[in-house]
Every structure is written in structure tokens, then in C-alpha cells.
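A short write-up of the structure that comes next.
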Amino acid sequence: MGFDPYYQWLSIHPSERPADYYRLLGINRFESNPEVISHAADRVMLHVRTFQHGKHSADSQRILNELATASRTLLNPGLKANYDQELILAMNASAIPVAQAIPVASIARVTSPPPTDSANNKDEIRIRRVRRRRRGNPALQLLLVVLGPLLGLAILYYLLAYGIQGAFKPKRTNQPPSPTTASEPATGPKPTVPPKESGPR
């Protein structure tokens with residue numbers, strides 16, 4: 001088998017030829033985003049330029065010219081509209097296999113058998129098991145419901161009995177009483193001392 005630059009460089013199989021501009025650039029057919037088209041063209045042309053100085057330089061130059069034409073056509077709105085119309089006419093004129101005309105997802109949807117009753121029963125059993133797991137143990141839930149309030153009451157009682165009483169207890173001081181306060185009588189008025197009489201000297 002001889003050298004095939006379209007197949008080896010661009011991965012375009014002989015059955016896909018003649019390749020349209022979208023296939024040459026490796027993008028979806030009728031792509032409308034200019035940035036996607038421009039980036040794809042730059043990427044493919046950069047890859048083909050690496051073969052310019054080898055023994056396949058003539059093939060490289062020929063494909064580069066085709067890629068430039070494809071990029072210039074698809075990036076021009078007027079040229080792209082005309083090319084898309086011609087491409088649609090060519091696709092309608094050619095015989096398109098059923099596998100290409102119908103998307104794969106639609107084929108799978110049509111050919112897949114409808115679910116049987118046994119499959120539905122299995123799904124229902126699986127759902128019930130999942131619900132039972134989520135419910136958990138009812139005895140454990142009842143224990144948590146009963147013990148939760150009791151534990152909260154115990155903590156509240158402890159705070160009321162010990163925590164709040166300790167805040168209002170008088171502080172004890174170990175300092176001895178001062179001598180002035182110790183010598184003074186506890187009750188009663190102080191005794192009065194009569195003034196001294198001043199006589200003749």
C-alpha cells in the first residue's frame with residue numbers, strides 16, 4: 001500500500017473521500033463558531049507543516065493549500081452559507097447509509113427492549129432496601145428521643161445547683177483583723193473625759 005497523506009496525517013479514511021472542508025479541519029459538519037474553525041485550522045496546518053522539508057514536501061504543500069481554502073471559506077459568512085447549501089445538496093443526492101442517517105442514541109433507544117415486570121420488581125425491592133437502611137434502628141431512635149431531654153435536664157440542674165450558687169457565695173478572706181478595730185468595744189458610746197481645770201500658779 002502506498003503513502004496516503006490524508007489517512008496518515010489527517011486520519012481521513014479513503015471511504016470518507018472526497019472530504020469536505022469540515023472533515024479536512026477535523027470539526028463537526030456545519031460548525032458555526034468562528035473561533036472553533038480558526039483554532040482547528042491552525043492546529044491542522046501546524047501539523048502538516050512539519051512534513052514540508054521531508055520527502056513528502058509536495059504532498060504537504062498541496063494539503064496546506066486545501067486547508068487554507070477550507071479555512072478561508074468557512075470563516076467568511078457569505079462563502080460559508082453558499083458552501084453549506086452545496087454540501088446539503090450533495091448529501092441529499094448521495095445515498096446515505098441508515099447507520100449514518102439515524103443517530104446512535106436513537107438506534108439504541110428503539111432497539112432496547114422495554115423493561116419487564118421482573119426488572120420493575122427488582123427495582124422496587126432495591127428501593128425498599130435503601131429506604132430501610134435510611135430509616136435505621138427504631139429502638140436506637142427511641143432511646144435517643146428519651147435520653148436526650150433527660151441529659152439536658154441533668155446538665156441544667158447541675159448548672160443551677162453548683163454553678164450559679166458558687167457565683168453568689170461570699171468570699172472568704174484569711175486576713176487578721178486590724179488592731180484598731182479589735183480594741184474598740186463592740187457596742188456603747190465612748191466614755192467622755194472631763195476637761196482639766198486651770199488654777200492659779
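The numbers here are math on the coordinates, done by the rules we state, and not lab data. A quick note: this is a predicted structure, and the numbers were derived from the prediction, not measured. In this analysis, Cβ positions are derived from the backbone assuming ideal geometry, glycine residues included, and neighbour counts consider all displayed protein chains.
List of remarks:
- Helices (runs of 4 or more DSSP H) within the range 1-70 that include 3 or more residues closer than 20 Å to Tyr83 by Cβ: 21-25, 34-49
- Leading residue by the ranking (nearest to the chain's Cα centre (by Cα)) among those in the range 1-36 that are within 17 Å of Thr69 (Cα to Cα) and among the β-branched types (Val, Ile, Thr): Val36
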